[in-house]
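Structure first, then comments.
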Amino acid sequence: MTELTRGSAFLQELKAEAPATRKCLERIPESRFGWKPHEKSMTMGYLALLVAEIPRWITYIVEKGEIDFATFGRFQPKTTAELVNHFDENLEGSSSALAKVTDQELDKTFFLKNQDQVLLSSPAGEIVGSSINH
């Protein structure tokens with residue numbers, strides 16, 4: 001019997017959330033990518049991209065231990081299909097990372113930075129859990 005690690009528990013939770021997330025992303029037509037729910041809001045396309053990139057964040061949290069906004073490249077989907085495909089690729093990467101991560105690695109500190117300035121530091125496991133539920 002395989003021991004349940006925090007990584008495998010996170011992986012189960014991520015896989016449980018993925019179908020609903022994918023369904024939501026599939027329903028956002030590219031014709032609405034520029035729409036804003038409110039004049040002060042971000043565009044629908046950018047908000048959808050943030051959702052599609054949550055699994056990518058998880059991969060960075062687990063494998064790199066930091067994200068720096070200055071160097072964290074953003075994908076620029078032009079179609080709904082590209083957006084969904086990006087989500088699927090990110091999901092594959094995070095699933096692989098979570099399947100391999102140890103509990104000890106999840107205890108290490110994760111750093112969120114902007115141009116090397118630390119904005120947030122917290123145990124990686126806490127950030128993974130909040131990212132999945134974001």
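The values are calculated or read from the model by the stated rules, or taken from the named source; none is laboratory data. Please read these numbers as outputs of a predicted model, since none were measured by experiment. Here the Cβ is made from the backbone with ideal geometry for all residues, glycine too, and neighbour counts use every protein chain on show. Side chains are part of the model used for accessible areas, which takes the heavy atoms of the whole protein and leaves out ligands, DNA and RNA. Shrake-Rupley method; radii C 1.70, N 1.55, O 1.52, S 1.80 Å.
Structure above, values below:
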quantity	calculated
Sum of -39500 (n - 2.57) over DSSP H runs of 4+, divided by residues of the chain (222 nm, nearest 500)	-17500 deg cm²/dmol
Sulfur and carbon atoms: percent of accessible area, the range 1-90 [1.4 Å]	55
Additional length obtainable on full extension of the chain from F75 to T109, 0.36 nm per residue less Cα span	9.6 nm
With 10 Å bins from 0: P(r) over the range 1-129, alpha-carbon pairs, percent	12, 38, 34, 14, 2, 0
Max mean-square fluctuation residue, GNM over the chain, Cα-Cα springs under 10 Å, options S96, S122, S41	S41
Tilt relative to the chain, helix 54-63 - C-alpha long axis, 0 to 90 degrees, to 10	30
Average accessible area per residue (Å²) across the chain - probe 1.4 Å, nucleic acids and ligands excluded	61
Among H38, A81, L120 - extreme Cα towards positive end, dipole of the range 14-134, charges at beta-carbon	H38
Chain lengthening between A20 and S122 when straightened (0.36 nm per residue, less Cα-Cα)	33.9 nm
Rounded accessible area of Y60 (nearest 10 Å², 1.4 Å probe)	60
Cα lying deepest toward the dipole's positive end in the range 17-134, options L98, V62, S131, charges on Cβ	S131
